[in-house]
Amino acid sequence: MKFSKTFFAIAALAAVSLGVQARTVEEIRKDGKIIVATEGQFAPFNFFEGKKLTGFEVELAEALAQKMGLKVEWKTLGFDALLAGLQQNRWDMVIASHGINEERAKAVTFADPHYCTGGVIVSKEGKVKTAADLAGKTVSVQTGTSYLSNVEKVSGIKSVKNYPKDPEALAALTAGRVDAWVTDKFVAKESLQSKAVAKANLKIGDFLFVERVAPAVAKGNTGLAQEINKALAAVQSDGTYAKLSQKYFQEDVRCK
């Protein structure tokens, strides 16, 4: 989902200069806890209810850790710093709606996808529905995301306005400063349920792209990735995953 163009080289250089190494599964188990980072600003996946961090990915990560016999120590920070922190050994895993792509895979190791989704086009009254409809339009999108990189591939767009957070990109649409907003399918569905947003009569259009989303660990930390995969398979088979998926989305969001 989200994508930064600059963190890869910076993180790699930092890792080399500091000589850091990711914690192994054995080291994590000895400590009894896994350090997990997320954004905390991306409802319904990871967000705060008051002071409590929650969301689909947060509850899923807690369930994965339980299967691994571990507790979770959470870290929340800006999206662009999340994957870079893996290279600096600041945490063991990131779960923050990162779509798997070739560029990211050069910098981190992905576990198996924990859900599938895609970027959708949102507009007032559904007037901008397809990629072709974006021609001549101004589009809002969150900075450092795969939504931005995919929007930039569409020919004929008048301009793209970047915002630090998705709520700001949405606000630009409701205020009429842009013609369309491109974001995650489930973020759009969640946002359109708000009473304040409902007044703007926003409609979800077509997918601009589809992607597989997965937790990430430091590059080459395959042992940890494999343990995460085992835990994910376990929660998917025992009904835990289905329960969380229904709770947040009223549908099964696992990759088919």
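Suppose the Debye formula is applied to equal point scatterers at every Cα of segment 6-158; what is log10 I(q)/I(0) at q = 0.16, 0.18 Å⁻¹?
Debye intensities relative to I(0), on a log10 scale: -0.99, -1.16.
For segment 72-126 and segment 182-217, what is the centre-to-centre distance using only Cα atoms, to the nearest Å?
Cα centres, segment 72-126 to segment 182-217: 16 Å.
Along the Cα→Cβ direction, 7 angstrom out, place labels at Lys165 and Arg29. What is the inter-label distance in nm?
A separation of 4.0 nm, rounded to one decimal place.
Counting helices only, and only those DSSP H runs with n ≥ 4, report the 222 nm mean residue ellipticity of the chain as the sum of -39,500 (n - 2.57) divided by its residues, in deg cm²/dmol to the nearest 500.
Helix-only estimate at 222 nm: -10500 deg cm²/dmol.
Kindly give Rg over Rh for the chain, based on alpha-carbon atoms, with the Kirkwood expression for the hydrodynamic radius. Write out the running numbers ahead of the final one.
Working: Rg = 18.4 Å, Rh = 18.7 Å.
Rg/Rh for the chain comes to 0.98.
For the pairs Lys124/Lys243; Lys75/Lys106; Lys127/Lys256; Lys158/Lys185; Lys33/Lys161, flag any whose C-alpha to C-alpha distance is greater than 29 Å. Intermediate values should be presented prior to the final figure.
Details: Lys124/Lys243 33 Å; Lys75/Lys106 23 Å; Lys127/Lys256 31 Å; Lys158/Lys185 23 Å; Lys33/Lys161 40 Å.
Exceeds cut-off: Lys124/Lys243; Lys127/Lys256; Lys33/Lys161.
Per the Kirkwood definition applied to all pairs of different Cα atoms, how many angstroms is the hydrodynamic radius of segment 101-229?
Hydrodynamic radius (Kirkwood, Cα pairs) of segment 101-229 is 15.5 Å.
For Ser194, Ser237, which order do you get if you count the other beta carbons within 10 Å of each Cβ and list the fewest first?
Exposure proxy ranking, most exposed first: Ser237, Ser194.
Assigning unit charges at the beta carbon (Lys, Arg +1; Asp, Glu -1) and nothing else, what dipole magnitude in debye, to the nearest 20, does the chain show about its Cα centre? All intermediate terms of the calculation are to be shown ahead of the outcome.
Numbers: 35 positive and 28 negative charges, 90 e Å.
Result for the chain is approximately 440 debye, rounded to the nearest 20.
Which order do Lys256, Lys124 fall in if you start with the one that has the fewest other Cβ atoms within 10 Å? Provide the component values of the computation, followed by the final result.
Details: Lys256 5, Lys124 17.
In order of increasing Cβ crowding within 10 Å: Lys256, Lys124.
The numbers here are math on the coordinates, done by the rules we state, and not lab data. What you are looking at is a predicted structure, and each value in this text was computed from that prediction instead of being measured. A quick note on method: Cβ atoms are made from the backbone with ideal geometry, for glycine too, and the neighbour counts reach across all protein chains shown.
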